[in-house]
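Below is one structure, written out as structure tokens, with a few remarks after it.
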Amino acid sequence: MSERLIPTVVVLDRICMSKTQMYRLIAAGEFPKPVPIGRHRVAFLETEVAAWIDERSRLRDEGAEMRRERAIHAVGGRR
């Protein structure tokens, strides 16, 4: 399978955050690393960015389920 490279501007549009915040996440190891494609240019693997977005969605859904379980427990399991 051939990987597709996408430019930073497209990545930023897809993840809805600033370039600074994205690079903070990269430095923290929480976002895919860019691929150098020129002397002063980078791009990202589309599959890695998509996987990162999917993971955020999964964590959101798990968080909602955990909050629901805590709420049920807090009222003694009553419905």
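The values are calculated or read from the model by the stated rules, or taken from the named source; none is laboratory data. Bear in mind that the values here come from a model prediction, so they are computed numbers and not experimental data. Neighbour counts are summed over all protein chains in view; Cβ atoms, including those assigned to glycine, are modelled from backbone coordinates with ideal geometry. These area figures cover heavy atoms from the full protein model, side chains too; ligands, DNA and RNA do not enter into them. Shrake-Rupley method; radii C 1.70, N 1.55, O 1.52, S 1.80 Å.
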Problem - For the chain: relative contact order, % (alpha-carbon pairs under 8 angstrom, 6 or more apart) - result: 29
Completion exercise
Whole-percent carbon and sulfur contribution to the accessible surface of the chain (1.4 Å, no ligands, DNA or RNA) stands at 55
Problem - Distance (nanometres) between label positions extended 7 Å along Cα→Cβ at Ala28 and Arg41 - result: 3.0
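Keeping all protein chains in place, calculate the accessible area per residue for the chain (probe 1.4 angstrom), answer in Å². Let's see the in-between values first.
Numbers: 6120 Å² over 79 residues.
Heavy-atom accessible area per residue stands at 77 Å².
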Exercise for the section: Determine, at each q value in 0.17 (inverse angstroms), the log₁₀ of I(q)/I(0) that the Debye formula gives when each Cα of segment 1-78 is one equal point scatterer. Expected result: -0.72
Exercise for the section: With +1 on each Lys and Arg Cβ and -1 on each Asp and Glu Cβ, and nothing else charged, work out how big the dipole of the chain is about its Cα centre, in Debye to the nearest 20. Expected result: 300
